[in-house]
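Here's the structure we're looking at; comments come further down.
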Ligand SMILES: Cc1ncc(COP(=O)(O)O)c(C=O)c1O
């Protein structure tokens, strides 16, 4: 193998370890080092690396049928997966649509929403409302929804959709949970009225924030309130569960914590636990009926939509989560992780908040606990210190008004056991300690 990597894919300016094999939460590199992958790369590894059931499902499917084009054929894994998605979907009479990445599925959700309104005779409903901070993907439509630092350099070609602040995203605001819910809902309602509900197709949101804001959980009443606003103004509620779906937060979907039924949900990452690129949508029967009756069905998708290998793996992810009771494990291990992070936070002046649900947990990094001002550059610095401990965590610096919020996130596999949770906490504790001198208890 050549020493030089001529691909721009793996950050050539930094010499990254060359991964050779992996299992569960561990990755080994070509120098023989063992890494603890506590964030699944980018919150991808729901069942860990190379889960035997998923590898077997992929292998079996690879020997039978690797590709069908959706305008020519259906395929058995796709039909089976759509049935399973219907069983777990957070809405009535759920239908599915499949793609290969989170961004593709967000793009498909945009297409679906705009076409839906055309089909039902309201073609003026074309505007999209989203929130900041948020991240919905790298393609220009999905980036246009994102209230994220990745917009920088592309503002001139992006739509100005992220106009509502997500509640609980500013830990310096001095609001009670009820006031925070009211604040967040007012943000959405002001945006709806400013654009005119007759022009608005959908409100997009991550029910629990992922890459942009490190596991910000909304106050009770907020998602229920967004649902009520969408009903009041006849607008679709679209939840991006790319990070939070498939048991990440202890339920199949983050919206399940509040019993909220969105019109469309997009998912990716954990749906295939990194075995194959895969993603999809779940949509209500009300929306699907319109497309099922349309001569062209839903014509927009991508070449690999409904890829049989991805469908077979995703179906096995769902069956494994069920068979091994992994939603309960995500909840239980999430509590243990959160308790460990709280202990680290007690010892450090630089952790302003520990937050999250299940096995999606975030730490916000501050100069001190009184001012809660962001500790400049700390997200990348802490991720670097964790790497020194052979621990991979996800850094999420994100602009919010005049400030850049500094935060890191953890998303270990939902198959994890107590010993590995404790190992993450121990290594992260050492990394946080190296961030600055530990304050006396
Ligand atoms: C909430 C959310 N939506 C969409 C995406 C885009 O997914 P992908 O990178 O698979 O295109 C991401 C990626 O991090 C995400 O966090």
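What do you reckon, is residue 402 more than 22 Å from residue 245 (Cβ to Cβ) and at pLDDT 95 or above?
no
Condition (residue is closer than 15 Å to residue 103 by Cα and touching a strand residue (DSSP E or B) at 6+ places or on another chain (Cβ under 8 Å)) applied to region 247-260: is it met by at least one residue?
No; the residues of region 247-260 include none that is closer than 15 Å to residue 103 by Cα and touching a strand residue (DSSP E or B) at 6+ places or on another chain (Cβ under 8 Å).
If you go through region 133-153 one residue at a time, do you hit one that is over 30 Å from residue 80 (Cβ atoms), loosely packed, with under 14 Cβ neighbours inside 10 Å and either more than 16 Å from the ligand (Cβ to nearest atom) or in the same structural domain as residue 400 (by TED's automatic domain parsing) (or both)?
Looking through region 133-153, at least one residue is over 30 Å from residue 80 (Cβ atoms), loosely packed, with under 14 Cβ neighbours inside 10 Å and either more than 16 Å from the ligand (Cβ to nearest atom) or in the same structural domain as residue 400 (by TED's automatic domain parsing) (or both).
One residue is enough: does region 212-228 have a residue meeting the conditions at positive phi and in contact with a helix residue (DSSP H, G or I) (Cβ under 7 Å, 6 or more places away or on another chain)?
Yes, some residue in region 212-228 is at positive phi and in contact with a helix residue (DSSP H, G or I) (Cβ under 7 Å, 6 or more places away or on another chain).
Yes or no: region 203-218 includes at least one residue that is within 24 Å of residue 121 (Cβ to Cβ) and either modelled with pLDDT of 95 or more or buried (at least 24 other Cβ atoms within 10 Å of the Cβ) (or both).
Yes: region 203-218 contains one or more residues that are within 24 Å of residue 121 (Cβ to Cβ) and either modelled with pLDDT of 95 or more or buried (at least 24 other Cβ atoms within 10 Å of the Cβ) (or both).
Which condition does residue 234 not pass, out of (1) more than 16 Å from the ligand (Cβ to nearest atom); (2) within 28 Å of residue 149 (Cβ to Cβ); (3) in contact (Cβ under 8 Å) with a residue 24 or more places away in the chain, if it passes all the others?
With (1) more than 16 Å from the ligand (Cβ to nearest atom); (2) within 28 Å of residue 149 (Cβ to Cβ); (3) in contact (Cβ under 8 Å) with a residue 24 or more places away in the chain applied to residue 234, the lone miss is (2).
Quick one: which of 163, 157, 200 is surrounded by fewer than 22 Cβ atoms within 10 Å (Cβ to Cβ), touching a residue at least 24 places away in the same chain (Cβ under 8 Å) and more than 16 Å from the ligand (Cβ to nearest atom)?
163
How do the pairs read when you match residues in region 28-52 that are within 13 Å of residue 393 (Cα to Cα) with residues anywhere that are modelled with pLDDT under 95 and away from the ligand (no atom under 13 Å from the Cβ), using Cβ under 8 Å and keeping only pairs 6 or more apart or on different chains?
35/17
Among the residues of region 306-340, how many are in the same structural domain as residue 46 (by TED's automatic domain parsing), buried (at least 19 other Cβ atoms within 10 Å of the Cβ) and over 16 Å from residue 248 (Cβ atoms)?
Adding up the residues that qualify gives 1.
I'm checking my understanding of the structure. Among residues of region 273-300 that are over 21 Å from the mean Cα position of the chain (by Cα) and not in a helix (DSSP H, G or I), which one is nearest to residue 104 (Cα to Cα)?
Among them, the one singled out is 300.
Residues in region 150-173: is at least one modelled with pLDDT of 95 or more, closer than 20 Å to residue 300 by Cα and assigned to a helix (DSSP H, G or I)?
Checked against the condition, which is being modelled with pLDDT of 95 or more, closer than 20 Å to residue 300 by Cα and assigned to a helix (DSSP H, G or I), region 150-173 yields no hits at all.
In region 111-125, which residue that is in contact with a helix residue (DSSP H, G or I) (Cβ under 6 Å, 6 or more places away or on another chain) and either outside the structural domain of residue 69 (by TED's automatic domain parsing) or in a loop (DSSP other than H, G, I, E, B) (or both) is nearest to the ligand (Cβ to nearest atom)?
Ranking the qualifying residues of region 111-125, first place goes to 125.
Any residue at all in region 79-86 that is within 16 Å of the ligand (Cβ to nearest atom), within 25 Å of residue 416 (Cα to Cα) and in contact with a strand residue (DSSP E or B) (Cβ under 6 Å, 6 or more places away or on another chain)?
no
Can you name every residue in region 259-272 that is away from the ligand (no atom under 13 Å from the Cβ) and either surrounded by fewer than 21 Cβ atoms within 10 Å (Cβ to Cβ) or within 13 Å of the chain's Cα centre (by Cα) (or both)?
Hits for region 259-272 are 259, 261.
Please tell me if residue 413 is more than 22 Å from residue 34 (Cα to Cα) and outside the structural domain of residue 255 (by TED's automatic domain parsing). Spell out how you get there, then give the answer.
Working: more than 22 Å from residue 34 (Cα to Cα): no; outside the structural domain of residue 255 (by TED's automatic domain parsing): yes.
No, not satisfied.
Could you tell me which of the residues 175, 193, 227, 186 is without any contact (Cβ under 8 Å) to a residue 60 or more places away in the chain, more than 16 Å from the ligand (Cβ to nearest atom) and surrounded by 19 or more Cβ atoms within 10 Å (Cβ to Cβ)?
Values: 175 fails: surrounded by 19 or more Cβ atoms within 10 Å (Cβ to Cβ); 193 fails: surrounded by 19 or more Cβ atoms within 10 Å (Cβ to Cβ); 186 fails: surrounded by 19 or more Cβ atoms within 10 Å (Cβ to Cβ).
After ruling out the rest, the residue left standing is 227.
Does residue 215 qualify as being assigned by TED's automatic domain parsing to the domain that holds residue 151, within 16 Å of the ligand (Cβ to nearest atom) and either free of Cβ contacts under 8 Å to residues at least 40 places away in the same chain or over 27 Å from residue 379 (Cα atoms) (or both)?
The answer is no for residue 215.
What about residue 276, is it buried (at least 22 other Cβ atoms within 10 Å of the Cβ), within 29 Å of residue 56 (Cα to Cα) and in contact with a helix residue (DSSP H, G or I) (Cβ under 7 Å, 6 or more places away or on another chain)?
Judged against the criteria, residue 276 is not a match.
The values are calculated or read from the model by the stated rules, or taken from the named source; none is laboratory data. Bear in mind that the values here come from a model prediction, so they are computed numbers and not experimental data. In this analysis, Cβ positions are derived from the backbone assuming ideal geometry, glycine residues included, and neighbour counts consider all displayed protein chains.
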